[in-house]
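Heads up: the structure comes next, in structure tokens.
The values are calculated or read from the model by the stated rules, or taken from the named source; none is laboratory data. Please read all numbers here as calculations on a predicted model, not as lab measurements. Positions of Cβ are backbone-derived with ideal geometry, glycine not excepted, and every protein chain shown enters the neighbour counts.
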Amino acid sequence: MTVHFIGAGPGDPELLTLKAQRLIRSCPVCLYAGSLVPEAVVAEAPEGARVLDTAPMTLDETHAEIVAAHALGQDVARVHSGDPSLYGAIAEQIRLLKRDGIPYDICPGVPAYAAAAAALGQELTVPEVAQSIVLTRVSMKSTSMPPRETLENFAATGATLAIHLGIRALREIERVLVPHYGPDCPVVVAYRVGWPDEAFLRGTLTDIREKVRAAKITRTALILVGPALGEVEDFRDSALYDPDMPHVLRPRVRA
């Protein structure tokens with residue numbers, strides 16, 4: 001018996017990996033976070049499987065289901081949104097599994113920032129514009145942030161920021177980021193990426209808050225900030241395909 005933590009991607013069932021789909025199809029118990037994972041993702045659970053939405057359940061209640069499955073020798077598909085290694089709340093579940101000697105493994109999934117960039121049709125790491133992506137969140141009512149992991153510190157790098165759980169903190173995000181990125185820095189709010197009602201709002205640090213308010217977006221959104229999100233045309237090509245930059249797989253051709 002194994003508990004399989006499965007990354008379901010951002011919502012589109014077609015963004016499931018082949019391994020994720022195979023595991024969901026084979027497990028007699030399927031526990032999924034219904035607030036973030038659509039039912040279509042777990043629709044192919046085997047006939048007769050015990051399929052539970054864990055959104056209204058506590059950690060102890062979810063673990064009790066796993067313990068019961070373990071006693072019966074039944075594999076469990078524990079389905080999370082995006083990639084479970086990022087804000088997947090799997091660490092506390094793994095701690096209980098280790099305590100009780102229950103085997104587990106992790107199947108990665110497509111993270112929301114990657115799906116958002118694909119839907120936007122652009123690269124987030126443009127040469128000499130931005131070469132780093134910071135995945136972070138804001139505190140608000142959720143678990144507090146470590147003291148050095150502040151927006152101010154991340155903003156000082158000038159990297160592309162992917163801010164989770166921050167849609168209700170746009171005023172504070174604007175206040176903190178404008179001194180580092182400037183008032184006209186491009187911002188994209190990606191709402192319910194991969195779901196049928198996905199939406200993308202483009203703006204700047206100074207006008208995105210009003211656009212979000214007008215669209216009545218209050219949750220389930222990712223905020224992307226950085227100059228790479230704009231209409232960047234004046235940038236140098238990367239060295240990857242540069243004929244003057246040979247490498248082991250493309251040695252310089254001698255005349």
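Look at (1) surrounded by 15 or more Cβ atoms within 10 Å (Cβ to Cβ); (2) part of a helix (DSSP H, G or I) and you find that residue 109 fails only one, number (2).
Taking residue 26, is it of a type outside the set (A, V, I, L, M, F, W, C) and within 18 Å of residue 69 (Cα to Cα)? The answer is yes for residue 26. Cβ-Cβ contacts under 6 Å between residues 6 or more apart (or on different chains), taken from a first residue in the stretch 70-96 that is within 20 Å of residue 43 (Cα to Cα) to a second residue that is hydroxyl-bearing (Ser, Thr, Tyr), are listed as 75/2; 79/32. Against the condition more than 11 Å from residue 226 (Cβ to Cβ) and either at pLDDT 95 or above or outside any loop (DSSP other than H, G, I, E, B) (or both), how does residue 114 come out, does it pass? Against the criterion (more than 11 Å from residue 226 (Cβ to Cβ) and either at pLDDT 95 or above or outside any loop (DSSP other than H, G, I, E, B) (or both)), residue 114 qualifies. For the stretch 63-89, a residue qualifies if it is among the β-branched types (Val, Ile, Thr) and crowded, with 19+ Cβ neighbours inside 10 Å, and the qualifying residues are 66, 76, 79. Quick check on my filter: what residues within the stretch 19-55 are aliphatic (A, V, I, L, M), over 17 Å from residue 194 (Cα atoms) and without any contact (Cβ under 8 Å) to a residue 40 or more places away in the chain? Selection gives 45, 49, 51, 52, 55. In summary, residue 131 fulfils each of the numbered conditions (1) touching a Lys or Arg at 6+ places or on another chain (Cβ under 8 Å); (2) not in a helix (DSSP H, G or I) with the single exception of condition (1).
For the stretch 168-186, name all the residues that are of a type in the set (A, V, I, L, M, F, W, C), touching a helix residue (DSSP H, G or I) at 6+ places or on another chain (Cβ under 7 Å) and farther than 18 Å from residue 156 by Cβ. 170, the sole residue that qualifies. For the stretch 9-30, the count of residues that are more than 14 Å from the chain's Cα centre (by Cα), in a strand (DSSP E or B), at pLDDT 95 or above and under 12 Å from residue 53 (Cβ atoms) is at least one. Restricting the stretch 53-62 to residues that are outside any helix (DSSP H, G or I) and among the aliphatic types (A, V, I, L, M), the residue that is surrounded by the fewest Cβ atoms within 10 Å (Cβ to Cβ) is 55.
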